[in-house]
Every structure is written in C-alpha cells, then in structure tokens.
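Take a look at the structure below.
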Amino acid sequence: MLSLPKDIAKCFPREDAAAFPSLELYHSVMKQLEDHRAGVEQRIREACRQSGRDREEVRLIAVSKTRSPDEIRALHALGQRCFAENYVQEFVAKHDALTDLDPAPEWHFIGTLQTNKARAVAERAAWVHGIDRLKIAERLSRQRPAGMPPLQVCLQVDLSGEPGKGGVPPQEAGPLAESVAGLPNLVLRGLMAIPAPAADPAAQRRPFARLRELRDTLNARGIALDTLSMGMSDDLEAAILEGATLVRIGTALFGPRGPHARQP
Ligand SMILES: Cc1ncc(COP(=O)(O)O)c(C=O)c1O
C-alpha cells in the first residue's frame, strides 16, 4: 500500500506542493498513482478495442477500501471521480472527511449491507451494488433523504453457489428485480457479481457471460437493466469482453492492500 504523509491533503490540488514535507516523495507517490491509473486505462481501452466497444461504455470505479483519505485525494487530483467502499463505518468516515473535494466524488457502496446500517449508506452513496434481499432495498428506499436523487442500485448475483459469498441465486434474481424496480427512491440499474478467481481467461469469462445472459433474460421480461458491474484487477479484460459497464478496480490502481481490521 502506498504510504502517504498525513498532511498530504494540504498540498492538493496545489501544483507546487509547497506545503508538502518532501517534494520528492510527493512527486514519486503521484507518479506511481499516475502510472497505475494509466496502466488500468490502457487495459480498459485495449479490452474495449478487442470487443468492438466504445471506451465510454465502461466506467472505472476505484475501490478505495482500506486506502486512506489522502490516497483518495491523490487519485481524485489525477482525475478519478468514482470511488467504492465496502465497509459501512469506513465508508462513512472517508465520505465525511472528503466533502471538500471538488468536483464531489461519486460514491459507490459495494459491500453487503445489514439493515441497521442502511441509513448511513442511503444518506451518502450514489450507488449500491450489493442488493441481495428485498428488505435491504426497502430500507434504502425508505431512508433515502428527500432532496437527494434516487439511489442507483444493482442486484448482487451469486454465480458460484459458495456459501457466505453473498448474492441472490440467479433463479431468484427476476422476482427480486421486479420488487426492487417498484420501490420509489431507488433506480434499479443492473446486476453485479464477484466470481471466484480464475487464472485462465476462458474460465474468467464464463461467469461474466452468465451474468450478461441473465441481464438479457431480465431485459426480455421487461425489467430494464443497463448495467453490468463486473471485473476487478485480475479479470477486467474478461469482464469487458462479456459486456461489463462498470469495472471495480482496487489493487491495480492503488497497489496491494495492507491488512485491514474488518468492521463489525
Ligand atoms: C466487491 C469488490 N469489487 C472489487 C474489488 C477490487 O478488487 P481488486 O483489488 O482485485 O481490484 C473488491 C476488493 O476487495 C471488492 O470487494
């Protein structure tokens, strides 16, 4: 994980970094992040080219879980606007520490949610990707503050059948989608999945293809879904080749994650 001095925030977005304790460190940290971002951008462009898709069809979401607010500031200074978190307390702390960023980041919540923590997310996120129960969706809809735009949501689909991974089984996605689509303060945008890691590109593509097919089936049943949230650092090419519209990238942008104390 990049380690940034605590007061790096003071130097953003100032070009000269005058207040920064070591100009050299400032430049090397920024250079590293810039290189990582350019590398990810290049991979996305190449996968779009291979699949005959427009680069504009795929949004890059920076997964900032376990990263410091300063690291998020640094990436924001380089032009990144969408960030994703997956622990509620960590999300709240970072969201609230970064309200001065301009333009405001678009926050995505990508973890599974307990009903008693829904309010904090409903009050802060633009998107929630991990809806796997109607109860959570109802809570989010009820607790979305008046005056905020509707919360964009994706259903998380369990493609592996492994217990504990979260997500609705594919055969239950249709009824859940119909119910969620009827809730007043949410907009159902699409489907999200976190397949088991696979090294070989063909194996990586299979679960993404299943998610795309499920999206197509639901669209054919009249449930309008325009989003496939799929693809992480190791498999973003496979996801884009199968139609991903949002890729969620952590490690390839920020470097390897350090140990993280899981929040209750
Ligand atoms: C739901 C979800 N999506 C995406 C990511 C990013 O993964 P990676 O660091 O491999 O890019 C994570 C990381 O934990 C995650 O939990």
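Only a single criterion out of (1) within 27 Å of R215 (Cβ to Cβ); (2) hydroxyl-bearing (S, T, Y); (3) surrounded by 16 or more Cβ atoms within 10 Å (Cβ to Cβ) is not satisfied by Y87, namely (1). Residues in region 69-94 that are more than 16 Å from the ligand (Cβ to nearest atom) and of a type outside the set (D, E): P69, R73, A74, H76, A77, L78, G79, R81, V92, A93. Taking every residue in region 169-196 that is closer than 16 Å to A244 by Cα and touching a residue at least 12 places away in the same chain (Cβ under 8 Å) and pairing it with any residue that is surrounded by fewer than 18 Cβ atoms within 10 Å (Cβ to Cβ) and basic (K, R), at least 6 positions away or on another chain, the pairs with Cβ-Cβ distances below 8 Å are I194/K165.
The rows are residues; the columns are (1) polar (S, T, N, Q); (2) at pLDDT 95 or above; (3) more than 18 Å from E57 (Cα to Cα).
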residue	(1), (2), (3)
L176	no, yes, yes
A196	no, no, yes
R215	no, yes, no
L218	no, yes, yes
L225	no, yes, no
G258	no, no, yes
R262	no, no, yes
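All of D16, D54, D7 fail the test of being surrounded by fewer than 13 Cβ atoms within 10 Å (Cβ to Cβ) and modelled with pLDDT of 90 or more, apart from D54. Among the residues of region 142-167, those identified as aliphatic (A, V, I, L, M) and in contact (Cβ under 8 Å) with a residue 40 or more places away in the chain are V157, L159. Of all the criteria given as (1) under 21 Å from V153 (Cβ atoms); (2) within 13 Å of the ligand (Cβ to nearest atom); (3) over 18 Å from the mean Cα position of the chain (by Cα), the one not satisfied by V247 is (3).
Residues that are within 12 Å of the ligand (Cβ to nearest atom) and crowded, with 21+ Cβ neighbours inside 10 Å within region 224-243 comprise S229, M230, G231, D235, L236, A239, listed in sequence order. Looking at R45, R37 in this structure, which one is at pLDDT 90 or above, surrounded by 11 or more Cβ atoms within 10 Å (Cβ to Cβ) and under 19 Å from S64 (Cα atoms)? Unique residue meeting the criteria: R37. Looking at R215, R210, R221, R205, just one residue is basic (K, R), buried (at least 21 other Cβ atoms within 10 Å of the Cβ) and more than 16 Å from the ligand (Cβ to nearest atom), and that residue is R215.
The values are calculated or read from the model by the stated rules, or taken from the named source; none is laboratory data. Keep in mind the model is a prediction, meaning the values are calculated, not measured. Note that we place each Cβ from the backbone using ideal geometry, even for glycine, and neighbour counts take in every protein chain shown.
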